[in-house]
Amino acid sequence: MSHRTIYMTEYDMKRLTKLIEDSQDSDPQDKGYLTELQEELDRAKIVASSGIPKDVITMNSQVCLIDQHTQKEEILILVFPQEANISQGKISVLAPIGTAMLGYRVGEVFRWKVPAGERKLKVKKILYQPEAAGDYHL
């Protein structure tokens, strides 16, 4: 993951901070994911839900991503861990790709490490963003 500024709503920041706090006693394997998420939160620029740009990936956003190596498109929804369901394209914010994509904008490329090296995905389009739809507390 890079060290550039990402954008996040106040509401998402509160819920994600609570997720980290509530997970402190979780499986030691989850600690790495929680640390990565905390690092993302630490560099986030907080924006009111009504003022978040419509091209930013927020929690519960459905996005179209393009793999920069294969040019294959993927449609994913960024969700909280309890809602994750890979067969429905719902990716947990604690999964490496979920943490990596949080706060990025259309046109930007984000990367994260996988066992085979590194993946790079470009945010092609936001298909649904709760804030843009007026769903501020989804």
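The values are calculated or read from the model by the stated rules, or taken from the named source; none is laboratory data. Only a predicted model underlies this, so the values are computations on that prediction, with no experimental measurement involved. In this analysis, Cβ positions are derived from the backbone assuming ideal geometry, glycine residues included, and neighbour counts consider all displayed protein chains.
Quick look at the values:
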read-out: Unique residue being in contact with a Gly (Cβ under 8 Å, 6 or more places away or on another chain) and modelled with pLDDT of 90 or more when the list is ILE66, ILE57; value: ILE57
read-out: Selection count where residues are within 19 Å of MET13 (Cβ to Cβ) and free of Cβ contacts under 8 Å to residues at least 60 places away in the same chain, scope the stretch 71-87; value: 4
read-out: Residue match in the stretch 29-40 (condition: buried (at least 17 other Cβ atoms within 10 Å of the Cβ) and in contact with a strand residue (DSSP E or B) (Cβ under 7 Å, 6 or more places away or on another chain)); value: yes
read-out: Complete set of residues in the stretch 1-54 that are modelled with pLDDT of 85 or more and in a loop (DSSP other than H, G, I, E, B); value: ARG43, ALA48, ILE52, PRO53, LYS54
read-out: Which numbered condition LYS90 fails, given (1) crowded, with 17+ Cβ neighbours inside 10 Å; (2) among the charged types (D, E, K, R); (3) touching a residue at least 24 places away in the same chain (Cβ under 8 Å); value: (3)
read-out: Cβ pairs under 9 Å, 6+ apart, first in the stretch 47-62 and without any contact (Cβ under 8 Å) to a residue 40 or more places away in the chain, second crowded, with 23+ Cβ neighbours inside 10 Å; value: ALA48/THR9; GLY51/THR9; GLY51/GLU131
read-out: Matching residues in the stretch 88-137 - criterion: being under 11 Å from the mean Cα position of the chain (by Cα), in a loop (DSSP other than H, G, I, E, B) and aliphatic (A, V, I, L, M); value: VAL93, LEU94, ALA95, LEU102
read-out: Matching residues in the stretch 56-79 - criterion: being out of contact with any Phe, Trp or Tyr (no Cβ under 6 Å at 6 or more places or on another chain), outside any strand (DSSP E or B) and surrounded by 17 or more Cβ atoms within 10 Å (Cβ to Cβ); value: THR58, MET59, ASN60, SER61
read-out: Boolean, GLU40 is under 17 Å from VAL109 (Cα atoms) and touching a Cys at 6+ places or on another chain (Cβ under 7 Å); value: no
read-out: Matching entry among LYS124, LYS90, LYS72 (being of a type outside the set (Asp, Glu) and touching a Cys at 6+ places or on another chain (Cβ under 9 Å)); value: LYS124
